[in-house]
Amino acid sequence: MNRLPIPKEESISSLIYIIRGEKVMLDYHLATLYAVETRILKQTVRRNKDRFPEDFMFELTDDEITLMISQKLIPSKKFFGGARPFAFTEQGVAMLSSVLNSKRAISVNIQIIRVFTRTRTMIESHKEILKKLERLEKKDIELDEKVTLIFEYLKELEQSKQKETEFKQRKRIGFKNN
């Protein structure tokens, strides 16, 4: 029997997307990792729908699919074979191991959960850096506004000087004293 190797964490992390503010993995990618057909994975989830509340798994909308296409995360709507994909959160992926009861599913799930955990840890440890970046961005916006204001003042000053020059160079009319 040809056994596929368990995927490395790096290849799994490239399959995690942010949708609806959640880190998720799509059914298509999970089925590939578990070495099952996507339709089998979806059938199993539908048979166990009580185990997959909205915060564990949700179906993508047409707008979300279109957005993924525009961001080149997927090539086209045909990529999913005409069906809307399911997106699984970390909890949903953990629940999959209880309904897909194979050794491969359990091993792959362990790797996936490790990636989700590592990602969450990295985000939490870098919150201070993110806050600093946000402050710098705000300062940059304020600086841009100030530079724009300076240019507006300079333009007004230039127009004022030009009007003054035009006034001095105008042809004088009226009584001339020779």
Checked 107, 160, 76 against criteria (surrounded by 10 or more Cβ atoms within 10 Å (Cβ to Cβ), free of Cβ contacts under 8 Å to residues at least 40 places away in the same chain and among the hydroxyl-bearing types (Ser, Thr, Tyr)); the one match is 160
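Does residue 38 count as under 17 Å from residue 25 (Cβ atoms) and among the polar types (S, T, N, Q)?
Numbers: under 17 Å from residue 25 (Cβ atoms): yes; among the polar types (S, T, N, Q): yes.
Considered against the rule, which asks whether it is under 17 Å from residue 25 (Cβ atoms) and among the polar types (S, T, N, Q), residue 38 comes out as yes.
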State the number of residues belonging to the range 1-51 that are aromatic (Phe, Trp, Tyr) and either touching a Gly at 6+ places or on another chain (Cβ under 6 Å) or within 23 Å of residue 69 (Cα to Cα) (or both).
2
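With respect to residue 150, determine if the residue is free of Cβ contacts under 8 Å to residues at least 60 places away in the same chain, of a type in the set (Val, Ile, Thr) and outside any helix (DSSP H, G or I). Full working, then the answer.
Working: free of Cβ contacts under 8 Å to residues at least 60 places away in the same chain: yes; of a type in the set (Val, Ile, Thr): yes; outside any helix (DSSP H, G or I): no.
No; evaluated as a whole, the condition is false for this residue.
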Condition broken by residue 123, with the remaining ones in (1) exposed (fewer than 12 other Cβ atoms within 10 Å of the Cβ); (2) in a loop (DSSP other than H, G, I, E, B); (3) of a type outside the set (Asp, Glu) satisfied:
(2)
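Among the listed residues 12, 6, identify the single one that is at pLDDT below 85 and assigned to a helix (DSSP H, G or I). Before the answer, list the steps.
Numbers: 6 fails: assigned to a helix (DSSP H, G or I).
Going through 12, 6 in turn, just one is at pLDDT below 85 and assigned to a helix (DSSP H, G or I): 12.
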Within the bounds of the range 149-163, is there any residue that is at pLDDT 85 or above, among the β-branched types (Val, Ile, Thr) and outside the structural domain of residue 16 (by TED's automatic domain parsing)?
yes
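Give, as residue ranges, the helices (runs of 4 or more DSSP H) completely inside the range 21-78 that count at least 1 residues that are basic (Lys, Arg). Quick ask: steps written out before the conclusion?
Details: elements: 27-34, 38-47, 62-70.
Counting at least 1 such residues, we get 38-47.
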Mind checking whether some residue in the range 61-83 is under 16 Å from residue 31 (Cα atoms), at pLDDT 85 or above and out of contact with any Ser or Thr (no Cβ under 7 Å at 6 or more places or on another chain)?
no
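The values are calculated or read from the model by the stated rules, or taken from the named source; none is laboratory data. Just so you know, these numbers come straight off a predicted model, no measurement behind them. Cβ sites come from the backbone with ideal geometry, for glycine too, and all protein chains shown count toward neighbours.
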